[in-house]
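Here's the structure we're looking at; comments come further down.
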Amino acid sequence: MFDVDGTMAETEEFHRRAFNEAFSYFDLPWNWDVATYGRLLRIAGGKERIRYFVESLPEDSFDLSDSRINELHRFKTRRYAELVGSGACGLRPGVADLILRARDGRLRLAIVTTTSRDNIGALLSRNLGPDWKQNFDVIVAGDDVPNKKPEADAYHAALDALGLPAASCLAIEDSRNGLVAAVSVGAPVLITRSLYFRDEDFTGAASVTDDLTDLPDNFWFDPDL
């Protein structure tokens, strides 16, 4: 069960750029630097992140309606798709090979993420080809569930669709939020450290690695990873 942003690809700088271009387009005087965006990533979901940021500003600075935030986020999503569609954002080392090995081993694959289906498609169609969906038995995106990670809604939905017990699956995540969500349903978690989350507390993970290139051939059958 793959997370996407940070796990399959280092997408966050492309998200940050798209957010800032959206702010500029809508004449909003904001520019999220790396430090600010790193803090905001603790809030799962792009629209939720914008709302949290607006509410953290001095009182009465801005009052963006939900419809305005949705409009802003739609522009941001289109711009993100253009950026990753250009080929500038490749998959992280080992990801494509792991997908291939898993499919050759007749393992079932799922995507369990807080990002949108449009964002998933933009990234994976460019990197895995137009038939990328054929690699995955189940896809649960952020808009498919009421609550995003660290709540466990997405993992519950994925497990229900797979018809498998959590203990027989492996969640691959890069963040504490993802780890908490997966562990709460009883799934073992492999953490692959990413740019923005590499120093988080990963207590409770079954294993932590820098990327997915050095996994043994039979790692998914090993209860100790």
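Tabulated data
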| quantity | calculated |
| --- | --- |
| Hey, SER116 more than 13 Å from the chain's Cα centre (by Cα), at negative phi and at pLDDT below 95 or not | no |
| Condition met for THR213 (open to solvent by less than 30 Å² (accessible area, probe 1.4 Å), at negative phi and of a type outside the set (Gly, Ala, Ser)) | no |
| Sole exception among (1) under 19 Å from the mean Cα position of the chain (by Cα); (2) at pLDDT 95 or above; (3) closer than 25 Å to SER125 by Cβ; (4) of a type in the set (A, V, I, L, M) for ALA22, by number | (1) |
| Yes/no for THR114 being touching a Lys or Arg at 6+ places or on another chain (Cβ under 6 Å) and either of a type in the set (Val, Ile, Thr) or within 30 Å of PRO165 (Cβ to Cβ) (or both) | yes |
| Criterion: in contact with a strand residue (DSSP E or B) (Cβ under 9 Å, 6 or more places away or on another chain) and farther than 19 Å from GLU82 by Cα - qualifying residue of ARG117, ARG108 | ARG108 |
| Top-ranked residue in the range 83-100 [being exposed (fewer than 14 other Cβ atoms within 10 Å of the Cβ) and without any contact (Cβ under 8 Å) to a residue 60 or more places away in the chain; ranked as farthest from LEU170 (Cα to Cα)] | SER86 |
| Subset tally (residues that are touching a helix residue (DSSP H, G or I) at 6+ places or on another chain (Cβ under 7 Å), among the aliphatic types (A, V, I, L, M), buried (at least 20 other Cβ atoms within 10 Å of the Cβ) and in a helix (DSSP H, G or I)) for the range 155-204 | 4 |
| Options GLU59, GLU48, GLU55; residue that is touching a residue at least 40 places away in the same chain (Cβ under 8 Å), surrounded by fewer than 18 Cβ atoms within 10 Å (Cβ to Cβ) and farther than 18 Å from GLU13 by Cβ | GLU48 |
| Residue within the range 73-86 that is modelled with pLDDT under 95 and assigned to a loop (DSSP other than H, G, I, E, B) present | yes |
| Tally, over the range 27-45, of residues that are small (Gly, Ala, Ser) and open to solvent by 30 Å² or more (accessible area, probe 1.4 Å) | 1 |
| Residue that is most open to solvent (accessible area, probe 1.4 Å) [pool: residues in the range 125-149 that are in a loop (DSSP other than H, G, I, E, B) and of a type in the set (D, E, K, R)] | ASP131 |
| Top-ranked residue of the range 57-72 - restricted to ones that are assigned to a loop (DSSP other than H, G, I, E, B) and not small (Gly, Ala, Ser), ranked as nearest to ARG126 (Cα to Cα) | LEU64 |
| For ILE111: the one exception among (1) in contact with a Phe, Trp or Tyr (Cβ under 6 Å, 6 or more places away or on another chain); (2) surrounded by fewer than 20 Cβ atoms within 10 Å (Cβ to Cβ) | (2) |
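Table: residues versus (1) closer than 25 Å to PHE75 by Cβ; (2) in contact (Cβ under 8 Å) with a residue 60 or more places away in the chain.
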| position | (1), (2) |
| --- | --- |
| THR113 | yes, yes |
| ASN119 | yes, yes |
| SER125 | yes, no |
| TRP132 | yes, no |
| ALA141 | yes, no |
| VAL145 | yes, no |
| ALA152 | no, no |
| HIS156 | no, no |
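The values are calculated or read from the model by the stated rules, or taken from the named source; none is laboratory data. For clarity, every value in this text was computed on a predicted model and none was experimentally measured. Heads up, the Cβs are rebuilt from the backbone with ideal geometry, glycines too, and the neighbour counts pull from every protein chain shown. These accessible areas exclude ligands, DNA and RNA; they are computed on the full protein's heavy atoms, side chains included. Shrake-Rupley method; radii C 1.70, N 1.55, O 1.52, S 1.80 Å.
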